[in-house]
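A single structure is presented below for examination.
The values are calculated or read from the model by the stated rules, or taken from the named source; none is laboratory data. It should be emphasised that the depicted structure is a prediction, and the values quoted were computed from it without experimental measurement. With ideal geometry, Cβ positions are generated from the backbone for all residues, glycine too; neighbour counts draw on all protein chains shown.
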Amino acid sequence: MLDPRPDRRHEQSQLRRSAAARRRLLAGAVPIAVRIAVRIAGPVALGALVGLTGLAGCAGMFGPPDRITLTGDEITRLLDRRFPQERRVLEVLDATLSAPQVRLLPDRNRLAAVLDIAVRERLLGGRWKGTLSFDSALRWEPRDRTLRLSQARVADLRLASTAAGDARTAAERLGAALAERVLEDLVLYTLPTERADALRAAGVAPSAVAVTARGVEITLSPLAP
């Protein structure tokens, strides 16, 4: 009968070598955020930190990440969470904006979106529905770790109605002005506290924002000494 003990000793030896390799990894030139993740959740956390959190540009994990990338689909989901938005204009119109559809404009460093809009005239009861198109730059606000719309501009607003043309035109003008007020400085994304702490521990923080073909990229710059 074969003695099973050699197989067990072999397995234990393999486990010891794996543990030693893991310790060498943690002691090497790996970002501190990655080291913390590995200690907490094991080697699987390496992929989770880079892939699931949106951190990119880790230079083979031998230095801190250099950017956070949000894809076009992620931006659409983030913007969708901010709607519907309901606002009143001069006690005359009630407007509701909803269902954003996002498009990236990397050549202009902006994003564009189309929204459904519904407008109700409060005095005479007129109602209109239509679409609103806008484009906007993006900016990073370090005080609250947010990505925000900036310089939002309504490109087109079209309302369909059986009401008189003059009333519809007035509603379109007021609706466009309202939309720009609603959209300007709208928060798209907030960096979670724990991720901000991990980045700070790695010596970087979000700074510039760029719209590229890959998505919205937030540059991670070295912290001032």
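Given the criteria within 30 Å of Pro192 (Cα to Cα), touching a strand residue (DSSP E or B) at 6+ places or on another chain (Cβ under 7 Å) and either among the basic types (Lys, Arg) or at pLDDT 95 or above (or both), does Arg87 qualify?
yes
Please give the number of the condition Gln101 fails out of (1) surrounded by fewer than 16 Cβ atoms within 10 Å (Cβ to Cβ); (2) assigned to a helix (DSSP H, G or I).
Only one criterion is unmet by Gln101, namely (2).
So, of the residues in the range 64-82 that are among the basic types (Lys, Arg) and either in a strand (DSSP E or B) or in contact (Cβ under 8 Å) with a residue 24 or more places away in the chain (or both), which turns out to be farthest from Val216 (Cα to Cα)?
Arg82
Let me ask something additional. Among the numbered conditions (1) surrounded by 15 or more Cβ atoms within 10 Å (Cβ to Cβ); (2) under 28 Å from Glu86 (Cβ atoms); (3) among the aliphatic types (A, V, I, L, M), tell me where Ala155 comes up short.
Tallying (1) surrounded by 15 or more Cβ atoms within 10 Å (Cβ to Cβ); (2) under 28 Å from Glu86 (Cβ atoms); (3) among the aliphatic types (A, V, I, L, M), Ala155 fails exactly one: (1).
Another question, if that's okay. Quick check on this structure: which one of Arg181, Arg173, Arg168, Arg158 is touching a strand residue (DSSP E or B) at 6+ places or on another chain (Cβ under 8 Å) and modelled with pLDDT under 80?
Among Arg181, Arg173, Arg168, Arg158, only Arg168 is touching a strand residue (DSSP E or B) at 6+ places or on another chain (Cβ under 8 Å) and modelled with pLDDT under 80.
Considering only the range 211-225, state which residues are under 12 Å from the mean Cα position of the chain (by Cα) and farther than 9 Å from Arg67 by Cα.
Listed by number, the residues that qualify are Val211, Gly215, Val216.
Evaluate the following for Thr169: is it surrounded by fewer than 16 Cβ atoms within 10 Å (Cβ to Cβ), out of contact with any helix residue (DSSP H, G or I) (no Cβ under 9 Å at 6 or more places or on another chain), among the hydroxyl-bearing types (Ser, Thr, Tyr) and at negative phi?
So Thr169 passes the test.
With the checklist (1) within 15 Å of the chain's Cα centre (by Cα); (2) farther than 19 Å from Gln85 by Cβ; (3) free of Cβ contacts under 8 Å to residues at least 60 places away in the same chain in hand, flag the one item Val102 doesn't pass.
Val102 satisfies all of (1) within 15 Å of the chain's Cα centre (by Cα); (2) farther than 19 Å from Gln85 by Cβ; (3) free of Cβ contacts under 8 Å to residues at least 60 places away in the same chain except (2).
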